[in-house]
Amino acid sequence: MQHLVQMKSISKSFPGVQALDQVDFDLKPGQVHGLVGENGAGKSTLIKILMGAYKADAGQILLDGEEVEIRNPIEAKRLKLGAVYQDITLASELSVGENFFLGKLPRSLSGLVKWAKVHGETQTFLDELGIQVSSRSLVRRLSPAQQEMVTIAKIVYEGSRVVVFDEPTALLANEETEQLFGIIRRLRDAGTGIVYISHRLEEIFEICDTVTVLKDGQRVVTCPVGEIDSDTLVNRMVGRNLEDMFVRQTYQTAEDQVLLEVSALTRQPVFENISFKVHRGEVFGLFGLVGSGRTEIVRSLFGAEKPDTGSVSVEGTAVRITTPAAGIRHGIGLVPENRKEAGLATGLAVDFNINLASYDNISRLGFINGPAERRRADKYVKELRIKTPTVRQTVNKLSGGNQQKVVISKWLCRQSKVFIFDEPTTGVDVGAKVEIYRLLDELLQRGAAIVFISSYLPEIMGIADRILVIREGRSMGLVERPQFSEERLLRLASGLEAEAQTANSTA
């Protein structure tokens, strides 16, 4: 079978970095080709070269056996190459239908836009794919998951021969992920070539035919998915085995000092009567399906949202937290789900971001102690192994895993007591995940308490000591580590099982 895409000996360098070194990659019609590797392995650079965002320093790109020069994204689109990136690329102030017909609105002879055609065709296509979104909805009013599904639908509607999916399930719930896989299979069966990038290796084995591993800008291996197992794949990516992923040394069993106590916390209509305790040295898990209210609960603990009723205590002292400044003052640090928008000043330097929550400790009369600022930044860059050429590097130039480490450094620098992690490993590679798990263990050894949110059951079961399951803003059950099982947690999260005796436990 003739190749749809062939990328031969692709090389690309940036100042001080060899991003790609003679990488080969190919794609056949009707093939789902997985592309995996740590952040910085070269995956994004390779795809951006294919999509015309970057120009390769050396190498060839062939489509249907003929060499092409893809000078920009417009040229890629003309060649029927499409991509769904992690960052949504829709026009947020326009409707879904207007996004589908962007730049090609159908008009009558009098020049009027044929809105019935725009919204009719768009709605029909969305319905065919099972995407429950109105063509007339403004994109900015859709949830991030809905926006992603609309982006995918738009790419499919445009009839792309090659579609790149870059971490497509990061914002999707289980049901939406299955819907996405259905779309991918439909495209595959129609002869479309699919490039699938994901850090969730179980997805590679479920949806891909072939997998290519990149490491340090070089191709390590390409093979059929059926000829490699997960341990081998992880080892080829990072040089360690899958069983080494969760690196906690000990798990909490003793009833020692309570650092955080939450009693009957309520913010209607989002969540109601939430109570729990978190002990020193414990990872307390919050699990629930997307939209369950987990994030809103921890935002209220941090002071980003104000609850209606309820109380919060830190180290046995009742505290009133109505603003993030109050949360920070009382020793609570939040590593948010959307680190770029809510956790970092991405256009500013690493040293600024690390000191961001604690400049009051190194300032006098409004003047910052520059040497102290630099010294503290250097300390945490070294301790957390943040890969950056200098602490003056802007954060938006770092990989996702290193950005996450900068957020964690901010709270270490503040000497927080309670760390809240909301989906901390979303969009980071296997190696960075291991580093984050190692950091969790170090925080516990320092005497911190951790509240940990994750939609990925193997992760939260591997990390947490206890898990409180949330559904539609209510506690469904508190599960101890010996009773952890994916089936039980999912039954609680979906409402198929409830544990009234522990639903509001503060044990």
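The values are calculated or read from the model by the stated rules, or taken from the named source; none is laboratory data. Quick caveat: nothing in here was measured; it's all calculated off a predicted structure. Because the Cβ atoms are built from the backbone with ideal geometry, glycine has one as well, and the counts that use them run over all protein chains shown.
For region 407-429: of the residues being assigned to a loop (DSSP other than H, G, I, E, B) and among the small types (Gly, Ala, Ser), which is surrounded by the most Cβ atoms within 10 Å (Cβ to Cβ)? Step through it out loud before you land on a result.
Here is the first cut: in region 407-429, the residues assigned to a loop (DSSP other than H, G, I, E, B) are 415-417, 423-429.
Checking the rest, the ones that are also among the small types (Gly, Ala, Ser) come to 416, 427.
Details: SER416: 23, GLY427: 20.
The extreme case among them is SER416.
Go through (1) at pLDDT below 90; (2) assigned to a loop (DSSP other than H, G, I, E, B) one by one and return the number of the condition TYR54 breaks.
(1)
Considering only region 35-48, I want to know if a residue exists there that is among the basic types (Lys, Arg), within 22 Å of the chain's Cα centre (by Cα) and either over 27 Å from GLY226 (Cβ atoms) or in a helix (DSSP H, G or I) (or both).
Pass one, region 35-48, residues among the basic types (Lys, Arg): 43, 48.
Next, only the ones that are within 22 Å of the chain's Cα centre (by Cα) stay: 43, 48.
Pick out the ones that are also either over 27 Å from GLY226 (Cβ atoms) or in a helix (DSSP H, G or I) (or both) and you get 43, 48.
The answer is yes, given that some residue of region 35-48 is among the basic types (Lys, Arg), within 22 Å of the chain's Cα centre (by Cα) and either over 27 Å from GLY226 (Cβ atoms) or in a helix (DSSP H, G or I) (or both).
Being in contact with a Pro (Cβ under 6 Å, 6 or more places away or on another chain) and farther than 23 Å from GLY400 by Cβ narrows it down to one residue among LEU105, LEU63, LEU4; which is it? Spell out the reasoning first.
Numbers: LEU105 fails: in contact with a Pro (Cβ under 6 Å, 6 or more places away or on another chain); LEU63 fails: in contact with a Pro (Cβ under 6 Å, 6 or more places away or on another chain).
Matching residue, one of LEU105, LEU63, LEU4: LEU4.
What is the residue count in region 120-132 for residues that are modelled with pLDDT of 90 or more and either within 23 Å of the chain's Cα centre (by Cα) or polar (S, T, N, Q) (or both)? Break it down stepwise before answering.
Filtering region 120-132 for residues modelled with pLDDT of 90 or more gives 120-127.
Those still in the list that are either within 23 Å of the chain's Cα centre (by Cα) or polar (S, T, N, Q) (or both) too: 122-124.
Selection size over region 120-132: 3.
Yes or no: region 439-451 includes at least one residue that is at pLDDT below 90, surrounded by 23 or more Cβ atoms within 10 Å (Cβ to Cβ), part of a loop (DSSP other than H, G, I, E, B) and out of contact with any Lys or Arg (no Cβ under 8 Å at 6 or more places or on another chain).
No, there is no match, as no residue in region 439-451 is at pLDDT below 90, surrounded by 23 or more Cβ atoms within 10 Å (Cβ to Cβ), part of a loop (DSSP other than H, G, I, E, B) and out of contact with any Lys or Arg (no Cβ under 8 Å at 6 or more places or on another chain).
State whether one or more residues within region 94-116 are buried (at least 21 other Cβ atoms within 10 Å of the Cβ), of a type in the set (Asp, Glu), on the phi < 0 side of the Ramachandran plot and out of contact with any strand residue (DSSP E or B) (no Cβ under 8 Å at 6 or more places or on another chain).
yes
Among the residues of region 283-313, how many are over 14 Å from THR266 (Cα atoms) and out of contact with any strand residue (DSSP E or B) (no Cβ under 6 Å at 6 or more places or on another chain)?
4
Mind checking whether some residue in region 393-409 is farther than 20 Å from ILE450 by Cβ, out of contact with any Pro (no Cβ under 8 Å at 6 or more places or on another chain) and small (Gly, Ala, Ser)?
First, the residues of region 393-409 that are farther than 20 Å from ILE450 by Cβ: 393-400, 402.
With the extra rule that they be out of contact with any Pro (no Cβ under 8 Å at 6 or more places or on another chain), the set shrinks to 393-400, 402.
After this cut, where a residue has to be small (Gly, Ala, Ser) as well, the list is 399-400.
Checked region 393-409: at least one residue is farther than 20 Å from ILE450 by Cβ, out of contact with any Pro (no Cβ under 8 Å at 6 or more places or on another chain) and small (Gly, Ala, Ser).
For the list (1) modelled with pLDDT under 95; (2) part of a strand (DSSP E or B); (3) crowded, with 17+ Cβ neighbours inside 10 Å, I need the number of the one condition that HIS199 fails.
Of the numbered conditions (1) modelled with pLDDT under 95; (2) part of a strand (DSSP E or B); (3) crowded, with 17+ Cβ neighbours inside 10 Å, the odd one out for HIS199 is (2).
Going by the structure shown, is VAL395 buried (at least 23 other Cβ atoms within 10 Å of the Cβ), more than 20 Å from ASN355 (Cα to Cα), hydrophobic (A, V, I, L, M, F, W, C) and touching a helix residue (DSSP H, G or I) at 6+ places or on another chain (Cβ under 8 Å)? Lay out the reasoning, then the answer.
Values: buried (at least 23 other Cβ atoms within 10 Å of the Cβ): yes; more than 20 Å from ASN355 (Cα to Cα): no; hydrophobic (A, V, I, L, M, F, W, C): yes; touching a helix residue (DSSP H, G or I) at 6+ places or on another chain (Cβ under 8 Å): yes.
For VAL395, the condition - buried (at least 23 other Cβ atoms within 10 Å of the Cβ), more than 20 Å from ASN355 (Cα to Cα), hydrophobic (A, V, I, L, M, F, W, C) and touching a helix residue (DSSP H, G or I) at 6+ places or on another chain (Cβ under 8 Å) - is not met.
Of all residues in region 276-308, which are farther than 17 Å from ARG481 by Cα and not in a helix (DSSP H, G or I)?
Going residue by residue through region 276-308, those that are farther than 17 Å from ARG481 by Cα are 289-308.
Answer for region 276-308, where residues must be farther than 17 Å from ARG481 by Cα and not in a helix (DSSP H, G or I): LEU289, VAL290, GLY291, SER292, GLY293, GLY303, ALA304, GLU305, LYS306, PRO307, ASP308.
Quick one: would you say GLN123 is outside any helix (DSSP H, G or I) and more than 17 Å from GLY82 (Cβ to Cβ)?
On the way: outside any helix (DSSP H, G or I): no; more than 17 Å from GLY82 (Cβ to Cβ): yes.
So GLN123 does not fit the description; no.
LEU102 fails exactly one of the following numbered conditions: (1) assigned to a loop (DSSP other than H, G, I, E, B); (2) under 21 Å from VAL133 (Cβ atoms); (3) touching a residue at least 12 places away in the same chain (Cβ under 8 Å). What is the number of that condition?
(3)
If SER9 passes every condition in (1) at positive phi; (2) in a helix (DSSP H, G or I) but one, which one does it miss?
(2)
Only residues in region 24-47 that are within 24 Å of ARG186 (Cβ to Cβ) count as the first member; pair them with residues that are assigned to a loop (DSSP other than H, G, I, E, B) and among the small types (Gly, Ala, Ser), Cβ under 8 angstrom, at least 6 apart or cross-chain, and list the lot.
The qualifying pairs are PRO29/GLY191; GLY30/ALA190; GLY30/GLY191; GLY34/SER198; VAL36/SER198.
Report the residue count in region 328-357 for those that are over 15 Å from the mean Cα position of the chain (by Cα) and assigned to a helix (DSSP H, G or I).
8
Only one residue in ALA145, ALA153 is surrounded by 20 or more Cβ atoms within 10 Å (Cβ to Cβ), assigned to a helix (DSSP H, G or I) and of a type in the set (Gly, Ala, Ser). Which one? Outline the logic, then answer.
On the way: ALA145 fails: surrounded by 20 or more Cβ atoms within 10 Å (Cβ to Cβ).
Unique residue meeting the criteria: ALA153.
If I go through region 213-237 residue by residue, how many of them are surrounded by 21 or more Cβ atoms within 10 Å (Cβ to Cβ) and in contact with a Gly (Cβ under 7 Å, 6 or more places away or on another chain)?
4
Tell me whether region 389-400 contains one or more residues that are modelled with pLDDT under 90, under 16 Å from VAL335 (Cα atoms) and either of a type outside the set (S, T, N, Q) or touching a strand residue (DSSP E or B) at 6+ places or on another chain (Cβ under 8 Å) (or both).
yes
Of the residues SER358, SER313, SER363, which is closer than 23 Å to GLY473 by Cα and not basic (Lys, Arg)? Break it down into steps so the answer makes sense when it comes.
Details: SER358 fails: closer than 23 Å to GLY473 by Cα; SER363 fails: closer than 23 Å to GLY473 by Cα.
Going through SER358, SER313, SER363 in turn, just one is closer than 23 Å to GLY473 by Cα and not basic (Lys, Arg): SER313.
From the residues in region 165-195 that are in contact with a Leu (Cβ under 7 Å, 6 or more places away or on another chain) and of a type outside the set (S, T, N, Q), which one is nearest to GLN146 (Cα to Cα)? Lay out the reasoning, then the answer.
Taking region 165-195 and keeping what is in contact with a Leu (Cβ under 7 Å, 6 or more places away or on another chain), we get 168-169, 172-173, 180, 183, 193-195.
Now drop any that are not of a type outside the set (S, T, N, Q), which leaves 168, 172-173, 180, 183, 193-195.
Values: PRO168: 12, LEU172: 9, ALA173: 11, LEU180: 12, ILE183: 15, GLY193: 24, ILE194: 21, VAL195: 21 Å.
Ranking the candidates gives LEU172 first.
So, ILE204, is that one over 16 Å from the mean Cα position of the chain (by Cα), surrounded by 17 or more Cβ atoms within 10 Å (Cβ to Cβ) and closer than 28 Å to VAL23 by Cα or not?
Numbers: over 16 Å from the mean Cα position of the chain (by Cα): yes; surrounded by 17 or more Cβ atoms within 10 Å (Cβ to Cβ): yes; closer than 28 Å to VAL23 by Cα: yes.
It is true that ILE204 is over 16 Å from the mean Cα position of the chain (by Cα), surrounded by 17 or more Cβ atoms within 10 Å (Cβ to Cβ) and closer than 28 Å to VAL23 by Cα.
In region 358-377, how many are assigned to a loop (DSSP other than H, G, I, E, B), touching a strand residue (DSSP E or B) at 6+ places or on another chain (Cβ under 9 Å) and not polar (S, T, N, Q)? Walk me through it before giving the result.
First, the residues of region 358-377 that are assigned to a loop (DSSP other than H, G, I, E, B): 358, 362, 365-366, 369.
Remaining after also requiring touching a strand residue (DSSP E or B) at 6+ places or on another chain (Cβ under 9 Å): 362, 369.
Keeping just the survivors that are not polar (S, T, N, Q) gives 362.
Matching residues across region 358-377 total 1.
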